[in-house]
Amino acid sequence: MKGKLSSNELIADFDYSAINEDYSFFRVETSDKYISGGANFLDLDDLSFVRSVVFERGKSFYVMTSGTEISRSGMMKALGQYEGSDSLSITQLKAEEISAPVLLQLFLNSLSNPEDEMCSYNNLSGKLFCYKPTWLDRDDEGVLWGLNCIEIRISKDMCLRLSAHRLTSLRLKNKMKFEKRKIHEYPQYEFSYNNHTLRRVSGGKLNDKSNLIQKPVDGERGNVSFFDFSNYEAFSCTKMGLLHDIFGLVKSQFGKYFSIELRIYEIDETLAFNRKGLEEYKKAVSEQLIASGINVIDEVQSTTSETYLQDLCDIIKDIFPDVKCNIGKRLSKGKVNLRYIHDKSFYTGSDPHADDLKDYVVQHITVENFSTKAKAAIENILKEMVIKKDIKDGKLSIVDWAAYKYPSDWVFGTVIDKEYYFMCIHPDGSFEIKRMVRNLLNMTEYDSYMDFFCIDDFASGDYSGVAGLIKDSYGNINLIKETEVYTVPDFERMGDVLSNVVTDVSFIGAELAPLLHDVRLSSDDIKIRAELDVLIPTIDQNAKYDKKTIMGMLKGMKTKKAVVKHVFENAGVMLYAFLRGEEARNDYMSGTLDINYIQISTELARFCVGEIGSGMKYNMERASVIREVQAVENSPLIFKDLLPLMGVEFVRYGMLTVMPFPFKYLREYKQMR
């Protein structure tokens with residue numbers, strides 16, 4: 001059975017008649033060049049009839065008010081009290097005259113905070129910021145130094161964006177860098193310790209050290225995990241947990257006005273992998289390093305650097321015992337070179353980063369950013385050296401290209417720092433990489449390929465957002481394009497399951513025994529029936545059994561899963577959440593795991609690369625981006641043939657790569673230049 005993929009694309013169904021009966025809408029425009037993001041009139045807390053404000057950028061913003069009594073002139077009068085309002089003009093609108101993304105954003109921005117205060121929703125400066133109590137950064141004395149928050153934004157394409165930001169106390173302003181925007185241009189907010197909400201401040205309260213601005217201290221950034229299903233508490237503190245809350249609030253607060261759902265796709269093909277198979281490349285890395293040897297060069301020459309590098313050589317020999325790793329005095333053309341230097345910022349004069357190394361295979365490690373304590377980091381640099389060696393030799397060795405059984409050449413192209421790079425791989429794994437420039441006097445086939453990237457005045461056609469190009473030997477071309485779309489798990493059902501697990505529910509023996517008896521009768525598994533035959537007679541008809549006790553009485557994993565499923569289906573109570581197994585992964589997380597391909601039409605497809613499903617962890621730090629494949633110039637879709645090229649672990653350590661791995665070689669070639 002084909003799996004389903006849920007995306008962050010929203011489908012909204014509005015009841016415009018009901019909306020217009022209860023709300024009024026206004027578009028406010030300025031005669032100035034633009035509205036500043038710090039304009040006071042973007043925060044209308046003093047106007048009780050205002051439900052929400054929406055502002056992105058440009059010359060206009062939108063206001064939603066309660067009731068229909070507020071007229072255009074009344075709105076103009078109300079705005080007149082705010083600084084800068086003399087340049088504003090107002091147009092009153094019906095709901096159906098507002099684009100779907102803006103209308104939906106207006107309703108989201110008006111969400112009321114729930115009574116349990118487990119999440120705070122704040123319409124600040126035309127945007128919606130949400131945060132959980134656990135995201136607050138307070139010291140032992142209760143002083144708030146900052147908080148992480150999520151901005152909920154609906155894009156013009158109806159994509160739901162969940163962006164993490166950091167709000168920081170002005171107590172830390174000396175640790176912030178103000179370059180493009182000065183500190184006085186940032187809106188300031190005060191935090192209410194009573195209800196955990198934020199409010200815009202002005203006048204005498206400005207510049208109070210306890211005020212917050214949307215800016216992190218230097219070196220930090222807002223960070224909220226995408227998804228964690230280890231338990232309900234962990235789930236609720238992630239982006240998907242927040243989305244579970246929001247969808248629930250939308251149904252309860254605005255169900256009579258509109259409904260929303262996620263766009264779902266049917267997956268045409270999934271490639272699944274296990275970690276053992278993905279680590280096969282390490283054998284190739286070992287073989288290449290054994291053949292070449294490693295030459296370590298100390299360009300730091302400190303009192304401890306030689307000992308440090310000798311320790312590194314010993315660790316490398318522990319990883320690959322047959323590899324010869326020695327400390328040398330100069331670069332070697334016959335070996336791969338590991339060069340110990342400082343970070344680029346250290347050098348004011350001669351910089352070894354800028355040395356001409358085109359005749360050598362060189363991997364740099366720096367004093368500031370490398371540690372021998374991290375085995376993964378060491379394994380990664382060893383792999384990087386082999387990739388560089390492949391580029392120098394013009395032959396793939398880290399994988400067996402011939403095993404893919406491609407009968408002819410493939411071309412991969414991309415743009416890096418506004419320069420064109422192309423790689424042609426032959427069936428035996430040999431390849432050439434070229435940096436190409438426009439030459440109007442001597443045009444080649446590559447000039448037509450360059451057009452698709454739209455980065456210069458000679459480009460033709462509309463191909464915005466192109467990240468890569470692929471071409472087969474027949475001249476068929478597919479483009480890989482970036483999108484705002486990403487995959488999401490079934491957060492509504494998973495949130496409901498995890499919430500159900502933590503509810504305090506008990507069964508008396510007289511209720512539990514029949515449920516266990518039903519499982520015993522319906523099961524064909526001998527072990528399950530045998531275990532329940534022993535357990536059921538021991539149930540005390542009058543005793544109370546909580547969830548933990550029930551799960552503790554069950555021994556076999558199959559028995560536990562069978563009982564959990566039956567109790568949930570027949571009593572509505574979830575005893576335990578089994579969410580990591582293959583069946584649960586396919587049910588709740590299809591599309592967020594492994595490699596998935598979706599054909600939209602004969603010319604358009606989409607693909608995404610998620611977590612490795614086999615042996616996956618309970619958490620996902622980030623979403624899986626969905627990229628688009630476009631067949632051009634009457635070509636068929638050929639990208640599907642290249643899906644296996646993303647089933648490798650050597651591009652992103654411990655993870656599948658999100659683009660066919662030859663694009664990694666193009667980036668490395670650029671760096672080596």
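The values are calculated or read from the model by the stated rules, or taken from the named source; none is laboratory data. In this text, all values refer to a predicted model and were calculated from it rather than measured experimentally. Note that each Cβ is placed from the backbone with ideal geometry, even for glycine, and that neighbours are counted across all protein chains shown. In case anyone asks, the SASA skips ligands and DNA or RNA and just uses the protein heavy atoms, side chains included. Shrake-Rupley method; radii C 1.70, N 1.55, O 1.52, S 1.80 Å.
Structure above, values below:
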quantity	calculated
Test for A510: is it modelled with pLDDT of 95 or more and at negative phi	yes
Residue count, the range 650-673 (criterion: more than 22 Å from the chain's Cα centre (by Cα) and more than 12 Å from K392 (Cα to Cα))	4
Total residues in the range 181-196, condition open to solvent by 30 Å² or more (accessible area, probe 1.4 Å) and either farther than 12 Å from S125 by Cβ or touching a His at 6+ places or on another chain (Cβ under 7 Å) (or both)	10
Restricting the range 615-651 to residues that are among the polar types (S, T, N, Q) and open to solvent by 30 Å² or more (accessible area, probe 1.4 Å), the residue that is farthest from S408 (Cα to Cα)	N619
Flag for L160 being hydrophobic (A, V, I, L, M, F, W, C) and open to solvent by less than 20 Å² (accessible area, probe 1.4 Å)	yes
Filter result for D13 (of a type in the set (D, E, K, R), more than 30 Å from M589 (Cα to Cα), in contact with a Ser or Thr (Cβ under 7 Å, 6 or more places away or on another chain) and in contact (Cβ under 8 Å) with a residue 40 or more places away in the chain)	no
Leading residue by the ranking (surrounded by the fewest Cβ atoms within 10 Å (Cβ to Cβ)) among those in the range 2-42 that are assigned to a strand (DSSP E or B) and aromatic (F, W, Y)	F14
Residue count, the range 272-294 (criterion: in a strand (DSSP E or B) and at pLDDT below 95)	0
All positions within the range 585-621 that are part of a loop (DSSP other than H, G, I, E, B) and over 20 Å from R263 (Cβ atoms)	D594, T602, I612, G613, S614, G615, M616, K617, Y618, E621
Residue pairs meeting the criteria (Cβ under 6 Å; at least 6 apart or on separate chains; first within 26 Å of D428 (Cα to Cα) and touching a residue at least 40 places away in the same chain (Cβ under 8 Å), in the range 373-394; second open to solvent by 20 Å² or more (accessible area, probe 1.4 Å) and part of a helix (DSSP H, G or I))	V386/Q288; I391/Y669
Those residues of the range 565-584 which are part of a helix (DSSP H, G or I) and either within 16 Å of S523 (Cβ to Cβ) or not aliphatic (A, V, I, L, M) (or both), in sequence order	K565, H566, V567, F568, E569, N570, E582, E583
Matching residues, the range 200-213, being in contact with a strand residue (DSSP E or B) (Cβ under 8 Å, 6 or more places away or on another chain) and either modelled with pLDDT under 90 or open to solvent by less than 70 Å² (accessible area, probe 1.4 Å) (or both)	R200, V201, K205, S210, N211, L212, I213
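Okay, residues lined up against (1) open to solvent by 60 Å² or more (accessible area, probe 1.4 Å); (2) modelled with pLDDT of 95 or more; (3) not in a helix (DSSP H, G or I):
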{"site": "G413", "(1), (2), (3)": "no, yes, yes"}
{"site": "Y420", "(1), (2), (3)": "no, no, yes"}
{"site": "M423", "(1), (2), (3)": "no, yes, yes"}
{"site": "P427", "(1), (2), (3)": "no, yes, yes"}
{"site": "E432", "(1), (2), (3)": "yes, yes, yes"}
{"site": "R438", "(1), (2), (3)": "no, no, yes"}
{"site": "L441", "(1), (2), (3)": "yes, no, yes"}
{"site": "S448", "(1), (2), (3)": "no, no, no"}
{"site": "F453", "(1), (2), (3)": "no, no, yes"}
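Residue-by-condition table, conditions (1) touching a strand residue (DSSP E or B) at 6+ places or on another chain (Cβ under 9 Å); (2) open to solvent by less than 20 Å² (accessible area, probe 1.4 Å); (3) on the phi < 0 side of the Ramachandran plot; (4) in contact (Cβ under 8 Å) with a residue 24 or more places away in the chain:
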{"position": "W135", "(1), (2), (3), (4)": "yes, no, yes, yes"}
{"position": "E141", "(1), (2), (3), (4)": "no, no, yes, no"}
{"position": "N148", "(1), (2), (3), (4)": "yes, no, yes, yes"}
{"position": "I152", "(1), (2), (3), (4)": "yes, yes, yes, yes"}
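Yes or no, residue by residue, for (1) open to solvent by less than 40 Å² (accessible area, probe 1.4 Å); (2) acidic (D, E); (3) under 20 Å from I35 (Cα atoms); (4) in a loop (DSSP other than H, G, I, E, B):
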site	(1), (2), (3), (4)
M75	yes, no, yes, no
Q81	no, no, yes, yes
L106	yes, no, yes, no
L111	yes, no, no, yes
M118	no, no, no, yes
Y121	yes, no, no, no
